[in-house]
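For reference, the structure is listed below as structure tokens.
The values are calculated or read from the model by the stated rules, or taken from the named source; none is laboratory data. What you are looking at is a predicted structure, and each value in this text was computed from that prediction instead of being measured. Quick reminder, even Gly has a Cβ in these numbers, built from the backbone with ideal geometry, and neighbours come from all protein chains shown.
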Amino acid sequence: MSRAGLDKNPREVAEMFDGVAKGYDRTNSVMTLGFDRRWRDWSRRVLDARPNEKVLDLAAGTAVSTVEYAASGAWCVAADFSVGMLASGAHRPVPKVAADALRLPFKDNSFDAVTVSFGIRNFNDTVVALQEMARVTKPGGRMVICEVSTPVWKPFRFVYMRYLLKLLPLIAKFVSSNPVAYSYLAESMATWPDQRTLGELISQAGWEDVAWFNLTGGMVALHRATKPKPKAEPEAAAEAAEPTA
Ligand SMILES: C[S@@+](CC[C@H](N)C(=O)[O-])C[C@H]1O[C@@H](n2cnc3c(N)ncnc32)[C@H](O)[C@@H]1O
């Protein structure tokens with residue numbers, strides 16, 4: 001059984017998720033004490049997808065997040081580069097595509113909204129992935145990222161970083177098909193940027209109206225952003241503003 005390193009080599013990351021795919025959903029619910037359902041519920045509400053919209057759920061794994069978005073009536077596709085994870089969610093009635101987040105097999109401006117839950121932390125290059133997400137999103141389209149983050153209350157942050165994260169690999173020994181992968185999970189969580197820093201990376205990648213909300217005291221954060229619409233050419237804007245006779 002394998003785990004990836006913190007350099008997040010794509011091949012190692014994909015192999016690691018292939019190794020945890022069996023029983024991933026159950027392990028996830030145990031590890032999060034069932035909070036994963038609430039976080040997904042919040043992600044769906046913030047994304048606010050509507051019927052007739054196209055939504056890309058990136059790093060969708062077993063598509064557990066994708067079916068949540070599809071409940072809104074939007075057309076939602078699950079994309080992930082771990083074929084094992086996608087196969088584990090084969091019973092979920094949403095289209096699935098094997099794809100690398102850093103080189104998406106979709107045309108520019110294809111989706112009304114793009115979202116990623118607990119996936120972006122594993123990408124080899126965060127800013128490149130955010131730019132790629134912007135490329136496939138229509139101008140004015142939305143992005144929602146649900147990811148682990150930094151608890152806001154200092155005493156809890158101390159306990160969380162010092163003790164709780166270290167418990168994860170121990171719990172995984174009882175519930176996961178690849179317990180060694182959960183030491184990667186704990187390390188990648190401890191070294192992931194906090195809310196503000198991720199917000200800055202999102203802006204740096206070209207998104208606008210960046211905002212975030214803390215869930216469960218900041219253990220998880222939802223970041224939301226919009227792809228800018230092209231600015232009107234000054235001449236065209238002036239013409240449009242001219243009164244007609
Ligand atoms: C922790 S799982 C999250 C799955 C799902 N979104 C959820 O909320 O349960 C992270 C997923 O990210 C995927 N992933 C990591 N890096 C990726 C990349 N570069 N391209 C596509 N998928 C990636 C992994 O294969 C894995 O399925």
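The table for this structure:
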item: Qualifying position, being farther than 30 Å from ALA49 by Cα and within 16 Å of the ligand (Cβ to nearest atom), among SER188, SER183; result: SER183
item: Qualifying residue in the stretch 155-170 (condition: at pLDDT 95 or above and assigned to a helix (DSSP H, G or I)); result: no
item: Residues being over 27 Å from VAL128 (Cα atoms) and more than 10 Å from the ligand (Cβ to nearest atom) - total across the stretch 1-26; result: 4
item: Selected residue [within 13 Å of the ligand (Cβ to nearest atom) and modelled with pLDDT of 95 or more] from ALA79, ALA49, ALA74; result: ALA79
item: Those residues of the stretch 7-57 which are farther than 27 Å from GLY141 by Cβ and of a type in the set (Asp, Glu), in sequence order; result: ASP7, GLU12, GLU15, ASP18, ASP25
item: Boolean, SER43 is buried (at least 19 other Cβ atoms within 10 Å of the Cβ), farther than 24 Å from LYS173 by Cα and either touching a strand residue (DSSP E or B) at 6+ places or on another chain (Cβ under 7 Å) or not aliphatic (A, V, I, L, M) (or both); result: yes
item: LYS229 vs. criteria among the charged types (D, E, K, R) and either out of contact with any strand residue (DSSP E or B) (no Cβ under 6 Å at 6 or more places or on another chain) or part of a helix (DSSP H, G or I) (or both); result: no
item: Residue satisfying condition, being part of a loop (DSSP other than H, G, I, E, B) and under 23 Å from THR150 (Cα atoms), within set GLY61, GLY5; result: GLY5
item: Every residue from the stretch 92-138 that is at positive phi and within 12 Å of the ligand (Cβ to nearest atom); result: PHE118
item: Subset of the stretch 30-40 [more than 15 Å from the chain's Cα centre (by Cα) and crowded, with 17+ Cβ neighbours inside 10 Å]; result: MET31, THR32
item: Flag for GLU147 being within 16 Å of the ligand (Cβ to nearest atom), in a strand (DSSP E or B) and surrounded by fewer than 23 Cβ atoms within 10 Å (Cβ to Cβ); result: yes
item: Test: residue in the stretch 52-71 that is crowded, with 18+ Cβ neighbours inside 10 Å, more than 10 Å from the ligand (Cβ to nearest atom), at pLDDT 90 or above and of a type in the set (Phe, Trp, Tyr); result: yes
item: Members of the stretch 101-127 that are surrounded by fewer than 18 Cβ atoms within 10 Å (Cβ to Cβ) and of a type in the set (Lys, Arg); result: ARG103, LYS107
item: In the stretch 195-206, residue farthest from ARG38 (Cα to Cα) [restricted to those that are more than 15 Å from the chain's Cα centre (by Cα) and of a type outside the set (Gly, Ala, Ser)]; result: GLN204
item: Cβ-Cβ under 6 Å pairs, at least 6 apart or on other chains, the stretch 175-188 side over 18 Å from ALA21 (Cβ atoms) and in a helix (DSSP H, G or I), far side within 13 Å of the ligand (Cβ to nearest atom) and of a type in the set (A, V, I, L, M); result: ALA186/LEU168
